[in-house]
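The values are calculated or read from the model by the stated rules, or taken from the named source; none is laboratory data. These numbers were taken from a predicted model, which means no experiment stands behind them. Reconstructed Cβ throughout: ideal geometry from the backbone, glycine too, with neighbour counts over all protein chains shown. Calculation scope for accessible area: heavy atoms of the full protein, side chains included, ligands and nucleic acids excluded. Shrake-Rupley method; radii C 1.70, N 1.55, O 1.52, S 1.80 Å.
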Amino acid sequence: MRTEAAAQLLAAKKKKETTGQPKLSFKNGQLSMSVERDNEMQKRWDQAVVLYTSETFTSFTAATKLDILLRAIWPSGKFKLQVRSDKTVAAHVSKTAEALRSELYPIIGAEAEHGGGAAFTSDIWTNKTRESFMSLTAHRITEDFELLRFCPFVNYMDGKRHTAQNIKIKFDNFLRNLNLDGPNVKRWVVLDNAANNKKFARLSAESVEALWCACHTLALVITDLFKMIIGGHTEIKKVLQKCQSVAVFVHRSENNEVTLQAACELTETP
């Protein structure tokens, strides 16, 4: 029996029928082997978890609780696969993302260089924990006028602030990875009027042509308009804030609306 069990164990390892170590048990004078895990099912499960967390933005910690769903399939709790830890799920996501990026970079670069060009948008932001990030998204229109969007980069700023120099380093690195930094590629960048963007434009004058966003300029004009004084004593901005407060007050309850109507009648306000 021991020889037979050892042969079964060796065969299971060769066929990769299990992702875990098969269990040997001895009961009633019989030596047996239990192979509970399914290697192919485990691979499909790991890939599905990667897609699920990526498309739903579910946290890696929440993915460790998916055994709740598995109990509907195996009520006994003897799953034929292993629910991964949050660190393992994160590693799987990173590995999949790296593989996709290696395929995506040449496609975007070739399309932009030989296919008539491509449009890119970029954004920089700081999260709630004061960590800085910078992204780049590629936009492409097919022959059937279908808009395709790819986001090849969402990079951590390595603890650095969004200064013009740091933005330029990241931006140049983005173009280099996409093979769009050559002399045969014409590059335009649309920027708002932030001081770091203006300095970035000066530092990158030899490689990109800066275009200033008219919408952002108009927004600054409107913002300055709100600072104007009306009646010789009140800013337009304060009037707007008071109107907003009244609107919130009225929509809070029906009684408040009745109160406002009474006040308007008392003061002969339309």
Self-check item: Scan of region 180-202 for residues that are touching a Leu at 6+ places or on another chain (Cβ under 7 Å) and open to solvent by 70 Å² or more (accessible area, probe 1.4 Å), ordered by number
Solution: Asp181, Trp188, Val190
Exercise. Show the residue pairs that are 6+ apart or on different chains and have beta-carbon atoms under 7 Å apart, the first residue being within region 79-105 and in a helix (DSSP H, G or I), the second being open to solvent by 80 Å² or more (accessible area, probe 1.4 Å) and among the hydroxyl-bearing types (Ser, Thr, Tyr).
Key: Asp86/Thr61
Quiz prompt | First in region 198-223 and more than 18 Å from Asp123 (Cβ to Cβ), second anywhere and not in a helix (DSSP H, G or I), Cβ under 6 Å, 6 or more apart | solution = Glu209/Trp188
Self-check item: Residues satisfying the stated conditions in region 40-58, i.e. open to solvent by less than 90 Å² (accessible area, probe 1.4 Å) and either in contact (Cβ under 8 Å) with a residue 24 or more places away in the chain or not small (Gly, Ala, Ser) (or both)
Solution: Met41, Gln42, Trp45, Asp46, Val49, Val50, Thr53, Ser54, Thr56, Thr58
Self-check item: Subset of region 75-119 that is open to solvent by less than 70 Å² (accessible area, probe 1.4 Å), modelled with pLDDT under 85 and not aliphatic (A, V, I, L, M) - its residue that is farthest from the chain's Cα centre (by Cα)
Solution: Gly77
Quiz item: From the residues in region 203-235 that are under 20 Å from Asn184 (Cα atoms) and not aliphatic (A, V, I, L, M), which one is least open to solvent (accessible area, probe 1.4 Å)?
Solution: Ser204
Practice problem: Can you give me the number of residues within region 214-270 that are acidic (Asp, Glu) and not in a helix (DSSP H, G or I)? | Solution: 2
Exercise. For residues that are free of Cβ contacts under 8 Å to residues at least 40 places away in the same chain, more than 11 Å from Ser122 (Cβ to Cβ) and touching a helix residue (DSSP H, G or I) at 6+ places or on another chain (Cβ under 8 Å), scanning just region 132-179, find the one that is most open to solvent (accessible area, probe 1.4 Å).
Key: Lys160
Practice problem: For Leu31, work out the one condition from (1) in contact with a helix residue (DSSP H, G or I) (Cβ under 6 Å, 6 or more places away or on another chain); (2) modelled with pLDDT under 90; (3) loosely packed, with under 13 Cβ neighbours inside 10 Å it doesn't fulfil. | Solution: (3)
